[in-house]
1. If we hang a label 7 Å off Cα along the beta carbon direction at A:H121, how far is it from the matching labels on the other copies, in nm, shortest first?
2. Take each complete run of DSSP H in chain B, measure how far its Cα atoms stretch along the helix's own axis, and keep only those covering 24 Å or more with mean Kyte-Doolittle hydropathy at least -1.0; list them.
3. Based on alpha-carbon positions alone, could you give the equivalent ellipsoid semi-axes of segment A:10-74 from the gyration tensor, as √(5λ), descending, whole Å?
4. Where the only charges are on Cβ atoms (+1 Lys, Arg; -1 Asp, Glu), what is the dipole of segment B:10-74 about its Cα centre, to the nearest 20 debye?
5. Taking the Cα centre of segment B:160-250 as the origin, how large is its charge dipole in debye, to the nearest 20, when only Lys and Arg (+1) and Asp and Glu (-1) carry charge on their Cβ atoms?
6. How large is the translational diffusion coefficient of segment B:178-237 in µm² per second when you combine the Kirkwood radius over alpha carbon pairs with Stokes-Einstein at 25 °C and 0.890 mPa s?
7. Quick one: P(r) of segment B:80-249 from all Cα-Cα pairs, 5 Å bins, percents rounded to integers, in order of increasing distance.
8. For B:R179, go 7 angstrom from Cα along the Cα-to-Cβ vector, then report the distances to that same point in the other copies in nm, smallest first.
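Please treat every number below as a calculation from the coordinates, not as lab data. None of the values given here were measured: they were computed from a predicted structure. For neighbour counting, all protein chains shown are included, and Cβ atoms are generated from backbone atoms with ideal geometry for every residue, glycine included.
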Protein chains: 2
Amino acid sequence: MANSPSGDSVIDRLVRVLETFTADRTVQTASDIGRRAGLPSSTAHRLVDDLVRSGLLERDDEHRVRLGMRLWELALRGSDALRLRQAALPFMEGVQARIREHTQLAVLEQDEALFLERLSHPSAGANITRVAGRLALHASSSGLVLLAHAPDDVLDRVLTGPLPAISPETVTDPTALRRILAGIREHGYVVSPGSVESVSTGVAVPVRDRGRVIAALSVILPRDASTDDVVVTLRAAARGIEQALRSDRD
Amino acid sequence: MANSPSGDSVIDRLVRVLETFTADRTVQTASDIGRRAGLPSSTAHRLVDDLVRSGLLERDDEHRVRLGMRLWELALRGSDALRLRQAALPFMEGVQARIREHTQLAVLEQDEALFLERLSHPSAGANITRVAGRLALHASSSGLVLLAHAPDDVLDRVLTGPLPAISPETVTDPTALRRILAGIREHGYVVSPGSVESVSTGVAVPVRDRGRVIAALSVILPRDASTDDVVVTLRAAARGIEQALRSDRD
């Protein structure tokens, strides 16, 4: 539909425009967007004008552009991400009240862990995770739980692809990773000390809906914190989320 | 750009497709989407195919379509909505821990109050607000705070437009509304008993950034609950959010 001479559609170009916005780059000019999206300047300006007219982008007095509240609304209103996050939030708050560090919820998206929510205590330790941010499946505790229950094609792609070390302690050997994933399926949780940052330990458990793992619930602790109570707390919260998802459906 | 014979662009058609998804309708067929969006079936099918290819929509085994996690990610990652909500969440949790009812954050969007966040206590009373849902500016406590500080053109449009009664007690007289708005500007809060639902009272205060009101923070209480402590709690939380937004910028 409406393909350009190079064969990309307006939707492809829209995605490239949206991809230029990040947590650290929330305001841009149309020219910046065009350059970063690899679009001819005239194409970028026309598309940005169209997006501003629709409210998906907003333009300020200095003619700079940002993501629109309308885009946020349309992306969330009917989304499973919102439904899952709303079901999970009260239980995440319960975990947060007890553990007082970082509590996170992630889903599998395009072979990475995408974080839907993060609650953090003011005094909590290091944590690079952001809402709507991603981490490698093989490196993060959430990612490992998602990978342990991922479809075979995802598992094969990840384990045969590049496995970069995020920290000096990230496990990057496919055989060792397969052992970790088998352990997660057997025991129902993972403890990953130092795999993302050497000062932190991630602990994660699966969250199921209709028998399928749909998310990972995790906490990020200071490296040497005890994890026994954390696993029990996370599991109880995961059961609560699963129950809330069932009630939500009934 | 890429306009159809009827003059609407692909972006217009995309917005119409996204608008067909709501909190109560998260899964649809391409034919349903076309019908609800007022698009010819072939156009709807082609556009949905394009959106599924890009990940903005997702298709399940039964060929039904839902909003994609990729859309959620792109809409949130660089958005002011997320930045504001992240700054507000710890303070909303503080309000929630103290008041134990519903705590909400809303912004002005297209002459309505758009709700960015809602925290609810399990035992809290009635409340029709939803995250990514909207309420009329003149009827809700959040909306009244936003309207009291809205640009003149918004105020004029709202007060000269239709002012539907959401409940039997919604104030719909423009003169009475102007008096309420002046009171909000003078006292810095509003208490709205029964304006949305007769069993509830909304209490809202403004949240400022760079001297401009950018949001309303509110709680929804049972109708006859005392509101004195609530106003003090909301004001302290609004100051906290404002401070967090300043630190976020520095």
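1. 2.3
2. Values: long enough: B:80-99 (27 Å, 0.12); B:228-249 (32 Å, -0.25).
Helix filter hits for chain B: B:80-99, B:228-249.
3. Details: eigenvalues 48, 33, 29 Å².
Rounded to whole Å, the semi-axes are 16, 13, 12.
4. Values: 11 positive and 11 negative charges, 39 e Å.
It works out to roughly 180 debye.
5. On the way: 11 positive and 11 negative charges, 86 e Å.
With only Lys, Arg, Asp and Glu charged at Cβ, the dipole is about 420 debye.
6. Values: Rh = 12.0 Å.
Answer from the Stokes-Einstein relation: 204 µm²/s.
7. Cα pair-distance distribution for segment B:80-249, in percent: 1, 10, 20, 25, 22, 14, 7, 2, 0.
8. So the distances to the same position in the other copies read 7.8 nm.
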